[in-house]
Amino acid sequence: MDENCFSFIVYIIHACADQWKVAPSQVYQALKKSGCLDRYLIPNYDILHTQSTSYIVQDIEEYLKEREVTA
């Protein structure tokens, strides 16, 4: 993972944490447990970083719901 992708992931974790009113560490654990990091965010960085933050947060929320993982 390059520096830009890493920065994007950190930014999205904090954006989710702010939106969901939970600690960033809880978001990270949920993303890791669900496979969202390795199977969705990192492989699709090139596309996702061009989308709005609210769209990505909502998309992640749906991803987690489908896998029955909560932050």
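The values are calculated or read from the model by the stated rules, or taken from the named source; none is laboratory data. Keep in mind the model is a prediction, meaning the values are calculated, not measured. Methodologically, a virtual Cβ is constructed for each residue, glycine included, from the backbone with ideal geometry; neighbour enumeration extends over all protein chains shown. Only protein heavy atoms, including side chains, enter the accessible area calculation; ligands, DNA and RNA are left aside. Shrake-Rupley method; radii C 1.70, N 1.55, O 1.52, S 1.80 Å.
Per-structure values
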{"quantity": "Within the chain, helix-based [θ] at 222 nm, where runs of 4 or more DSSP H residues each add -39,500 (n - 2.57), nearest 500", "calculated": "-20500 deg cm²/dmol"}
{"quantity": "Whole-angstrom gap from the stretch 39-53 to the stretch 1-34, using each part's C-alpha centre", "calculated": "13"}
{"quantity": "For ILE12, solvent-accessible area (1.4 Å; no DNA, RNA or ligand), Å²", "calculated": "0"}
{"quantity": "Accessible surface, the chain, averaged per residue in Å² (probe 1.4 Å)", "calculated": "65"}
{"quantity": "Heavy-atom accessible surface of the stretch 11-63: percent carbon and sulfur, 1.4 Å", "calculated": "49"}
{"quantity": "Student exercise, the stretch 1-67 dipole from Lys, Arg, Asp, Glu Cβ charges, in Debye to nearest 20", "calculated": "320"}
{"quantity": "Positive-end extreme of charge dipole, the chain - chosen from ILE60, VAL27, LEU41 (charges on Cβ)", "calculated": "VAL27"}
{"quantity": "The chain: Cα Rg divided by the 2.2 N^0.38 Å rule of thumb", "calculated": "0.98"}
